[in-house]
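The values are calculated or read from the model by the stated rules, or taken from the named source; none is laboratory data. Quick caveat, the model's predicted, so the values are computed rather than measured. Cβ atoms come from the backbone with ideal geometry, glycine included; neighbour counts cover every protein chain shown. Just the protein is used for accessible areas: all its heavy atoms, side chains included, with ligands, DNA and RNA removed. Shrake-Rupley method; radii C 1.70, N 1.55, O 1.52, S 1.80 Å.
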Amino acid sequence: MSLLRIATRKSPLALWQSEHVAARLRAAHPGLEVALVPMSTRGDEVLDRSLAAIGGKGLFLKELELAMQRGEADCAVHSLKDVPMALEPGFALPAILERADHADAFVSNAHAAPAELPQGARVGTSSLRRHAQLRALRPDLRVLDLRGNVNTRLGKLDAGDYDAIVLACAGLQRLGLAARIRLRLDAPAWLPAPAQGAIAVECRDDDAGTRSLLAALDHRPTRLCVEAERAMNRALHGSCHVPVAALARLRGDAIALEGLVGSAADGELVRAAASAPAAERERLGAELAAALLEAGAGRLLAAAGAT
Ligand SMILES: NCc1[nH]cc(CCC(=O)O)c1CC(=O)O
C-alpha cells in the first residue's frame, strides 16, 4: 500500500479543502493511504499586515512548495484564485477539481442587500476587486479593510465593526456557514476573482507517480474555464493586488468569458465580454485583456500600482 502526503495550511478552510481532496483521492484509488501534513506559512503568520507589502499571496504557497522539494510532502491543495498566474518553476497543477459556487456573498445581520444599506454604511473587505465593485454599486459606502480567515471575518461583523462584509460563497459553504449568505453577488452585474471557487492540487513537475494519481480528480470543464480566466488575468499582469474580475462559462464547445477591471478609488469599472471555442481559451483570455485595455483598463491598473 502506498502513501500520499498532502501539505496543507492550518486554517479551517485550508484543512477542509485538504480533507476533501484526501477523501476524493481515497475514493478514486482504493488502497491508497492519504495523510495530511499541516504547516504554518508566512502568509498565515502575517495575515494582519498588507499581503501586498510583504510579497503577495505566493507566500501561502512557498512553505508548501519547500516541503514538496524537501520530500516531506507529495502535493499541496490550494484555492486556485490564490495561486499566482505564473506557477513556480518545477511545479505543476495536475488536478483542478470541479468548481463550487463561484459567486461572492453579501453577509450582514441587519441588511438583506447592498441596495438596502443605509447611506455611508461600513462594508468590510480587503479585496480591491470587491472594493471597486462595491463603490460602483454604491459610491457612498465606506469600504473598510477586513482580514483574517472566514470565521475571524464573521466575528468582526458580529462584533459590530461593519454593517456588512463580502466574501466568497464557496468558503462559507465549505465551512457549513451557507446560512450566513444574505445575497449572492453574481454575474453579469458582479464578477468573482479569476478561478474563485476552484480547488487545485499542486505537485512537483518531475513526480510522475503523484501527477497520475492527482489527474484522476481533474475536472476538464472547470479547467477550460479557469484557464481562460487566468489567461486574461495574466495578460493584464494580474495579481491579487489589482481589481480584476473574470468569469468563464462553458456553452457546448465554446467558452463565454466576461471580465472587468475596476478602480477602488472611485468605483469606475471597465467591462468586456467575448466567446471563442474552448480550444482557443488562452487566446480568448489574451484578447479580452486587450479589449479591456483598449477600453481604458490600463489607466485603472496603473493607478492600482500593477505596472
Ligand atoms: N482570499 C482568501 C480565499 N481564498 C479562497 C477563498 C474561498 C474559496 C474559493 O474561492 O475557492 C477565500 C476566502 C474569500 O475570498 O472569502
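Just a few scattered comments:
- One residue stands out in region 1-44 among those that are farther than 26 Å from N149 by Cα and open to solvent by 60 Å² or more (accessible area, probe 1.4 Å): the one that is farthest from the chain's Cα centre (by Cα), namely M1.
Yes/no per residue for (1) within 11 Å of the ligand (Cβ to nearest atom); (2) under 16 Å from V107 (Cα atoms):
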| residue | (1), (2) |
| --- | --- |
| D140 | no, no |
| L146 | yes, yes |
| L157 | no, yes |
| D161 | no, yes |
| R174 | yes, yes |
| Q196 | yes, no |
| D207 | no, no |
| T222 | no, no |
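- Restricting attention to region 276-289, the residues that are over 22 Å from the mean Cα position of the chain (by Cα) and either open to solvent by less than 30 Å² (accessible area, probe 1.4 Å) or among the small types (G, A, S) (or both) total 2.
- Single residue of E88, E65 found to be open to solvent by less than 40 Å² (accessible area, probe 1.4 Å), more than 12 Å from the ligand (Cβ to nearest atom) and in contact with an Asp or Glu (Cβ under 7 Å, 6 or more places away or on another chain): E65
- Just so you know, in region 259-288 the residues that are acidic (D, E) and in contact with a helix residue (DSSP H, G or I) (Cβ under 8 Å, 6 or more places away or on another chain) include one that is modelled with the highest pLDDT, and it is E282.
- The listed residues are A179, A245, A164, A168, and the only one of them that is in contact with a strand residue (DSSP E or B) (Cβ under 9 Å, 6 or more places away or on another chain) and without any contact (Cβ under 8 Å) to a residue 60 or more places away in the chain turns out to be A164.
- Search result, residues across region 143-162 that are open to solvent by 30 Å² or more (accessible area, probe 1.4 Å) and more than 22 Å from V242 (Cβ to Cβ): N149, N151, T152, G155, K156, D158, A159, G160, D161
- Test for L191: is it closer than 28 Å to R283 by Cα and in contact with a Gly (Cβ under 9 Å, 6 or more places away or on another chain): yes
- Just one of the listed residues (R99, R129) is open to solvent by 40 Å² or more (accessible area, probe 1.4 Å) and either within 20 Å of A248 (Cα to Cα) or assigned to a helix (DSSP H, G or I) (or both), namely R99.
- Selection from region 137-160 of residues that are in contact with a helix residue (DSSP H, G or I) (Cβ under 9 Å, 6 or more places away or on another chain) and assigned to a loop (DSSP other than H, G, I, E, B): R138, L141, L146, R147, G148, N149
- Top-ranked residue in region 68-85 [being part of a loop (DSSP other than H, G, I, E, B) and of a type in the set (D, E); ranked as farthest from the ligand (Cβ to nearest atom)]: E72
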